[in-house]
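Chemist: This is the structure I want to talk about, given as structure tokens.
Where a number appears in this text, it was derived from the coordinates with a stated rule and is not lab data. Predicted model, so just to flag it, every value in this text is computed and none were measured. Quick reminder, even Gly has a Cβ in these numbers, built from the backbone with ideal geometry, and neighbours come from all protein chains shown.
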Amino acid sequence: MSEQLPPDVPDWEDEYIDRVSDRLMHNYDLEREVTVHGEPFGLAGEMRLESEKHFFHPSLNYANHEAREYLYARRQEHVTVSDLEHLVEVGHDIAEERVERRDDHFSTDVTFVLVVPSIEPAVADFVQNFSDRTLLWFGFHGHYEINLAVVSPDEQHSVASPNADVVTAFETWEEIEPESPGLLGLIARRLEI
């Protein structure tokens, strides 16, 4: 699939990361070899979603808001709970630097994915139970959330914090199955509810 990439999508020499980037390239702006707050990452991505509702005409809009996700992934030989706690601190630094505190800001997610040969039970327990959401100005300016995921492609195993949905892109041993909406979902989509 790498031969068909648009010119602005990087190509990775790491076959696994390249397969992951093929899954992410339609939703994220991807970069190679990025250093953020002193931490190197082989893959970095940014996704921006804007939502607005219209009342009869696009010029009459309301409920405008935006959401962003910053994704950082790298390979490591092993990972410890203290490594993950350090990444959480880096995530807070990234959020403080990049989140624009406005009333149309809905959410910003900072997600770290570590690719390792095997996942230790203590790490799996920490990641699965990890949750870190910070409300901005009592939630009036949205929130930001730090997410963690650890993936072992060799063992075909992954663990992720509850809101780290991007982990499905890293589970290359599984097919990504689009969810088919039910009858009510189809009606709601048609009526743009």
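Chemist: Treat each spin label as a single point 7 Å out from the Cα along the C-beta direction, and report the Asp18 to Glu89 distance in nm.
Modeler: Label at Asp18, label at Glu89, 3.7 nm between them.
Chemist: Here's something else I'd like to know. Give me, ordered by chain and number, the residues 5 or more places off Thr111 or on other chains with an amide H under 5 Å from its own placed amide H.
Modeler: Residues meeting the criterion, in which the H sits 1.01 Å from N, are Tyr70, Leu71, Tyr72, Asn147.
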